[in-house]
Amino acid sequence: MSPDRLSSTFSALADPTRRAILARLASGESSVLKLAEPFDMSLPAVSKHLKVLERAGLIERGREAQWRPCRLQANPLKDIADWVEYYRRHWEESFDRLDAYLKELQRKNRSQEIQRKEKRDGRKK
């Protein structure tokens, strides 16, 4: 995915109203009127949100007589999931290396404490 497309997808997802619209569309296509119901805003305001989502490729709007159904298009969300997955793997590998380092430090500390205790008790190796 190109950085520009990724940016437009993230930009579209930055607004909570648009995320709520996508959540509603996840259960199936819907009309603009149905999508607008839970929001305290005008239909033109909802239409602007839908245009942003459409430009980002997150929804598709059709035309069936007087009805203009909106459908979720999940490909951009998959692209974001793939992008996030790359960084998740990076952090997991970093945490694994940190975990191994901390275990090595603990092992060395235990070994040193045993040596100090033996020295203190008069039992030298």
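The values are calculated or read from the model by the stated rules, or taken from the named source; none is laboratory data. Keep in mind it's a predicted model, so treat the numbers as computed, not measured. Ideal geometry is used to build each Cβ from the backbone, glycine not excepted, and the neighbour counts take in all protein chains shown. Accessible surface is based on the protein model in full, side chains and every heavy atom, while ligands, DNA and RNA are left aside. Shrake-Rupley method; radii C 1.70, N 1.55, O 1.52, S 1.80 Å.
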Item checked: Karplus (6.51, -1.76, 1.60) ³J(HN,Hα), θ = phi - 60°, over the stretch 20-36, in Hz, Gly and Pro reported as x -> 5, 4, 4, 4, 5, 6, 5, 8, x, 5, 8, 7, 4, 4, 5, 5, 6
Note to self: Sorting check: for 32-42, 9-19, which peptide has the highest mean count of neighbouring beta carbons within 10 Å, and how do the rest follow?
What the structure shows: 9-19, 32-42
Margin query: In Å², and per residue, what accessible area does the chain have when probed at 1.4 Å with the other protein chains present?
Written below: 74 Å²
Next item on the list: Among N75, Y87, Q115, flag the residue with its Cα farthest along the positive direction of the charge dipole of the stretch 39-125, charges on Cβ as +1 for Lys/Arg and -1 for Asp/Glu.
Entry: Q115
Next item on the list: Go through [x] 164; [y] 113; [z] 102 and flag the label whose value is the computed volume of the Cα convex hull per residue in Å³ for this structure.
Entry: [x]
Margin query: Computing the accessible area with a 1.4 Å probe over protein heavy atoms, can you report the carbon and sulfur percentage for the chain?
Written below: 52 percent
Next item on the list: Could you work out the relative contact order of the stretch 1-82, using alpha carbon pairs under 8 angstrom and six or more residues apart, expressed as a whole percent?
Entry: 35 percent
